[in-house]
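Colleague: The structure's right below; bear with me while I get my questions together.
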């Protein structure tokens, strides 16, 4: 009986390793994705599984959101296909492209290397 248990022990060990390395992390990812999708609201910036980026303009009850990809371009997207939800953020202030002399370098980063 003891020898039979020792033959089954590697299979049990492989099952435990698979559970902790594959199954449990996947369940956590699914749970996090579901929470992220449920928390989507109007004004959020989103990325779909197809790589389309846009802003949520309408959230419907039937697991559909309306995403504005460009001005006057709106598409309906199933919530589960959202791969990333970015929260609303304020736009960064525009960087000044003027040199200390008051001349504009056109935003060219190479011009910083070659001083006049």
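The values are calculated or read from the model by the stated rules, or taken from the named source; none is laboratory data. Note that the structure is predicted; figures quoted are calculated from it, not measured. Please note: Cβ atoms are built from the backbone with ideal geometry, for glycine as well, and neighbour counts cover all protein chains shown.
Colleague: Check whether at least one residue in the stretch 53-60 is touching a helix residue (DSSP H, G or I) at 6+ places or on another chain (Cβ under 7 Å) and either outside any helix (DSSP H, G or I) or in contact (Cβ under 8 Å) with a residue 24 or more places away in the chain (or both), and report yes or no. Please lay out each step first, then the result.
Modeller: So the first thing to find is which residues in the stretch 53-60 are touching a helix residue (DSSP H, G or I) at 6+ places or on another chain (Cβ under 7 Å), and the list is none.
Scanning the stretch 53-60, I find no residue that is touching a helix residue (DSSP H, G or I) at 6+ places or on another chain (Cβ under 7 Å) and either outside any helix (DSSP H, G or I) or in contact (Cβ under 8 Å) with a residue 24 or more places away in the chain (or both), so the answer is no.
Colleague: Something else: With respect to the numbered conditions (1) at pLDDT below 75; (2) at negative phi, which one is the sole condition not fulfilled by residue 67?
Modeller: Of everything listed in (1) at pLDDT below 75; (2) at negative phi, residue 67 misses just condition (1).
Colleague: Somewhere in the stretch 2-22, is a residue within 22 Å of the chain's Cα centre (by Cα) and either surrounded by fewer than 12 Cβ atoms within 10 Å (Cβ to Cβ) or closer than 25 Å to residue 87 by Cβ (or both)? Let's see the steps before the verdict.
Modeller: Start the filter on the stretch 2-22 by keeping residues that are within 22 Å of the chain's Cα centre (by Cα), which leaves 22.
Checking which are either surrounded by fewer than 12 Cβ atoms within 10 Å (Cβ to Cβ) or closer than 25 Å to residue 87 by Cβ (or both) leaves us with 22.
Yes, the conditions are met somewhere in the stretch 2-22.
Colleague: I would also like to ask the following. Surrounded by 14 or more Cβ atoms within 10 Å (Cβ to Cβ), at pLDDT 90 or above and in contact with a helix residue (DSSP H, G or I) (Cβ under 7 Å, 6 or more places away or on another chain): does that describe residue 82? Step through it out loud before you land on a result.
Modeller: Values: surrounded by 14 or more Cβ atoms within 10 Å (Cβ to Cβ): yes; at pLDDT 90 or above: yes; in contact with a helix residue (DSSP H, G or I) (Cβ under 7 Å, 6 or more places away or on another chain): yes.
Answer is yes for this residue.
Colleague: Taking the stretch 29-51 as the search range and keeping residues that are in contact (Cβ under 8 Å) with a residue 24 or more places away in the chain and more than 13 Å from residue 80 (Cα to Cα), which one is farthest from the chain's Cα centre (by Cα)?
Modeller: 43
Colleague: Look at the stretch 1-43 and say how many of its residues are in contact with a strand residue (DSSP E or B) (Cβ under 8 Å, 6 or more places away or on another chain) and part of a helix (DSSP H, G or I). Explain how you work it out, then say what you get.
Modeller: Of the residues in the stretch 1-43, the ones in contact with a strand residue (DSSP E or B) (Cβ under 8 Å, 6 or more places away or on another chain) are 36-37, 39-43.
Pick out the ones that are also part of a helix (DSSP H, G or I) and you get 36-37.
Residues that pass the stated criteria total 2.
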